[in-house]
Amino acid sequence: MLTIENLHASVADKPILKGLNLSINAGEIHAIMGPNGAGKSTTGYVLGGRPGYEVTQGSATFGGQDLFELEPHERAAAGLFLGFQYPVEIPGVSNLQFLREALNSQRKFHDLPPLSGGEFLKLAKEKAALLKMDMEMMKRPVNVGFSGGEKKRAEMVQMGILNPKLAILDETDSGLDIDALRICGEGINAIMRKPDKAVLLITHYQRLLDYVKPDFVHVLADGRIVKSGGPELALELEEAGYEGVVA
Amino acid sequence: MSNLPTRKAEDWRYADLAALEKLWPLPDAESITVAAGDSFACAIINKGGVTRLSLTLEAGARAAVHVLNSADAYARIEIEATLHEGADFTLGGVQLAGGAQTAEIVATVRHMEPNANSRQILRSVAAGTATASVLGKVYVAKGADGTDGQQSMRAMLLDRSATANARPELEIHADDVKCAHGCAIGELDANGLFYMAARGIEPARAKALMLQAFVAEAFDGAEDEDHLHAAAQAALEALL
């Protein structure tokens, strides 16, 4: 589904990714772990197409398409969902309006008719319930006044509604209390653990992986993957620290 | 005023004088008096040229004026309101200018007697090499104690080549007065635009959504709010 080859990327002319290779197939859940500054968030932003993150070498193919040929909104329409470590507040635009725009924009991209208000609301209610999110909150402006945990749950509701093929989730577990962590973890499983979907979890900690069991764990250090393994690698990291495992 | 103004005149400093010359002489302002205790509301959609309105609010009268100013070349709205005791005046204004257009709202509110309230919420969007200006004055006469006058002016620049001017002005001759004014000029939040793109919203649509949210406050509570929002949305989409 996603093949990254020899990816090099810079932010403000500073090289961050230095030869990243990663291949993700449908039905798989991958986790990228690594110390601060290794390039974890950069990986997500580069794949999502954030301005200022410049690809200097290498390629990424998503569903047979050159990902870097696509604009950010086209990548989303192609089925890529980037979960933000710090979801952005958009004053004056309600969650429901935002998501209906997003979903219908993606549908338009695939020559599908827009969902009616009623159809959309039914879908939104279903996905909000999955994440135990009150519909009243869905009427509020995007992420404005939301706690850290509410923002992350709102992200998962967005993912449920937009129904991507591949979700890249950047530190979805940060800022979550134990209950919210479980709800988000279960949400990821319910929405994304399917034979035709895949997930790339970017995280510092094992704790999210207790809920969302990865098939593969990769250690990112200094802009490239230095070690890959099964779920046991995450436990090993938790025990020995990055220094112990990477050294 | 019978002669064409020059830029030395404060109220005309940012005007498009070449366009103004073709419109000169301007018709007198439309005068409306809201009788004591009465209410008045109106919406003005100005698509070019100069629109002038002069309101007198007698004791305890209420008036709400909402304006949408979008230029074909030059668009100017002048509003004057004279407030007597206990009157209440709201001005909500949105102006949108693109290309090489010039749009301006010039508002003068005079608190002549005690205990009147006024609030002005003015939002400008400028793109291309357009100029959007807001000149707002609140005058509080001697003895007009208990005045509450508020001005909020914000402008959004869509291109670095666009210009926004905001000039809030207070002239206060009374002692017991609450007057607040704020003004800010900024650009659309790049993080917000990327967030919207990352969810699949096309860039022009994302900008339109953010700008709609930006101007919406000016039309809150307007009598024909939906109509104004729709007109603003159409003008915004034309701008992008």
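Every read-out reported here was derived from the displayed coordinates using simple, explicitly stated rules and does not represent laboratory data. The shown structure was predicted, so the numbers you read here are calculated from the model rather than taken from an experiment. Every residue, glycine as well, gets a Cβ built from its backbone with ideal geometry; the counts of neighbours run over all protein chains shown.
Summary of values
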item	result
Under 21 Å from the Cα of residue B:178 - lysines, other chains or at least 8 residues apart	B:137, B:142
Table column - 3J(HN,Hα) (Hz), region B:148-161, Karplus curve with 6.51, -1.76, 1.60, x for Gly and Pro	10, x, 10, 9, 10, 10, 9, 9, 10, 9, 8, 9, 5, 8
For residue A:224, distant residues with modelled amide H under 5 Å away	A:18
Total charge dipole magnitude, region B:10-188, about the Cα centre, Cβ charges on Lys, Arg, Asp, Glu only, Debye to nearest 20	560 debye
Dipole magnitude of region A:2-246 about its Cα centre (Cβ charges: Lys, Arg +1; Asp, Glu -1), debye to nearest 20	620 debye
Bridge type composition, the protein assembly as shown - antiparallel percent by DSSP, nearest 5	20 percent
Point-charge dipole on Cβ atoms (K/R +1, D/E -1) for the protein assembly as shown, about Cα centre, debye to 20	900 debye
Long pairs among A:125/A:152; A:165/A:213; A:127/A:194; A:152/B:207; A:18/A:40; A:139/A:165, criterion Cα-Cα beyond 22 Å	A:152/B:207; A:139/A:165
Residues A:162, A:200 arranged by fewest to most Cβ contacts within 10 Å	A:162, A:200
Least to most buried among B:44, B:77 (fewest other Cβ within 10 Å first)	B:44, B:77
Sum of -39500 (n - 2.57) over DSSP H runs of 4+, divided by residues of chain A (222 nm, nearest 500)	-12000 deg cm²/dmol
Overall form of chain B per C-alpha gyration tensor (a/c, 1.5; a/b vs b/c)	prolate
Helix-derived mean residue ellipticity, 222 nm - over chain B, DSSP H n ≥ 4, -39500 (n - 2.57), to 500	-6000 deg cm²/dmol
Listed residue (B:135, A:45, A:200) projecting farthest to the positive dipole end of the protein assembly as shown, Cβ model	A:200
